[in-house]
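Trainee: Shown below is the structure under consideration.
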Amino acid sequence: MKAVYILWLREWKRYLRSKVQMIASLGQPVLYLVALGFGMGPMFARGGGGSYLQFITPGIIGMTILFNSVFSGIALLWDRQFGFLKETLVAPVPRIRIMIGRTLGAATVAMMQGLLVAIVAMIAGFRPSSLAAIPLGLFFMLMIAIVFAGFGVVIGSSLKDMQGFQLVMNFLVLPIFFLSGALFPLDHLNLPLVIATRLDPLSYGVDGLRHALIGTTHFATTTDITVLACMAVALLCLGAWRFSRIEV
């Protein structure tokens with residue numbers, strides 16, 4: 001397990017050294033919170049939905065974790081391009097441990113970014129409904145981070161260069177975010193959107209965060225946990241298989 005710890009620590013130290021990355025990663029979430037949270041707030045309130053900032057904050061936290069998890073997984077491509085991955089793979093360590101270490105490191109970094117966004121949201125006026133539910137919120141943040149860090153490893157292990165990055169963003173990551181219910185309620189949707197949102201694993205993560213932070217939910221909490229746990233196991237297994245087949 002020493003190799004897992006070393007790789008986790010490497011990802012964590014790389015994140016802490018990159019203060020520019022820490023600050024830049026807050027730009028898009030803060031823009032969503034300010035532009036949508038306050039801009040759409042009056043319309044949402046007139047529709048009987050209450051505070052839009054309260055509603056949107058769990059979704060923006062989920063978005064932040066999603067993007068950072070996937071990007072950290074795709075960092076495999078950079079390591080492959082600059083030769084670090086080759087040095088890692090030739091070490092006398094099972095590849096599964098290397099993959100687990102990278103995945104946990106990516107999940108930790110993504111979760112920290114989510115916590116920073118939560119702090120910014122609280123400064124902007126967001127208030128959790130119960131302090132006792134915060135540990136449950138942290139649990140859902142961790143589950144989202146593990147699921148999509150595993151997803152990022154699958155993508156990073158499957159691509160051979162950065163040319164497919166925009167394809168991944170436009171046809172995988174962005175639809176996952178926009179169909180998760182992060183920006184709109186999942187009630188009263190038409191059938192195609194109902195199917196799409198139920199197939200989106202981030203929907204269950206955002207729903208779990210909303211239950212923990214503001215006390216509202218669309219799916220049952222047990223359903224959220226079950227789906228996220230199953231997706232985490234499936235993506236970690238798939239990521240381990242794809243990672244074991246990397247040729248550098």
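The values are calculated or read from the model by the stated rules, or taken from the named source; none is laboratory data. Please read these numbers as outputs of a predicted model, since none were measured by experiment. Virtual Cβ from ideal backbone geometry, glycine too; neighbours counted across all protein chains shown.
Quick grid of which residues meet (1) in a loop (DSSP other than H, G, I, E, B); (2) surrounded by 16 or more Cβ atoms within 10 Å (Cβ to Cβ); (3) modelled with pLDDT of 90 or more:
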| residue | (1), (2), (3) |
| --- | --- |
| SER203 | no, yes, yes |
| ASP207 | no, yes, yes |
| ALA212 | no, yes, yes |
| HIS218 | yes, yes, no |
| PHE243 | no, yes, no |
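Trainee: What do you reckon, is ILE155 over 26 Å from GLN54 (Cβ atoms), out of contact with any Cys (no Cβ under 9 Å at 6 or more places or on another chain) and free of Cβ contacts under 8 Å to residues at least 12 places away in the same chain? So that I can check it myself, show each step before the final result.
Mentor: Working: over 26 Å from GLN54 (Cβ atoms): yes; out of contact with any Cys (no Cβ under 9 Å at 6 or more places or on another chain): yes; free of Cβ contacts under 8 Å to residues at least 12 places away in the same chain: no.
For ILE155, the condition - over 26 Å from GLN54 (Cβ atoms), out of contact with any Cys (no Cβ under 9 Å at 6 or more places or on another chain) and free of Cβ contacts under 8 Å to residues at least 12 places away in the same chain - is not met.
Trainee: A follow-up question, please. I'm trying to understand the selection: among the residues of segment 1-57, which are at pLDDT 70 or above and assigned to a loop (DSSP other than H, G, I, E, B)?
Mentor: SER25, LEU26, GLY37, PHE38, GLY39, MET40, GLY50, SER51
Trainee: Of the residues that make up segment 184-201, is at least one surrounded by 21 or more Cβ atoms within 10 Å (Cβ to Cβ) and more than 21 Å from LEU36 (Cβ to Cβ)?
Mentor: yes
Trainee: Next up: Would a scan of segment 192-201 turn up a residue that is part of a helix (DSSP H, G or I) and within 13 Å of the chain's Cα centre (by Cα)?
Mentor: Let us first name the residues in segment 192-201 that are part of a helix (DSSP H, G or I), namely 192-199, 201.
Subset that is within 13 Å of the chain's Cα centre (by Cα): 201.
Taking every residue of segment 192-201 in turn, at least one turns out to be part of a helix (DSSP H, G or I) and within 13 Å of the chain's Cα centre (by Cα).
Trainee: Pick from ALA91, ALA106: which is among the small types (Gly, Ala, Ser), surrounded by 17 or more Cβ atoms within 10 Å (Cβ to Cβ) and modelled with pLDDT under 85? Reasoning before the result, please.
Mentor: Working: ALA91 fails: surrounded by 17 or more Cβ atoms within 10 Å (Cβ to Cβ).
Among ALA91, ALA106, only ALA106 is among the small types (Gly, Ala, Ser), surrounded by 17 or more Cβ atoms within 10 Å (Cβ to Cβ) and modelled with pLDDT under 85.
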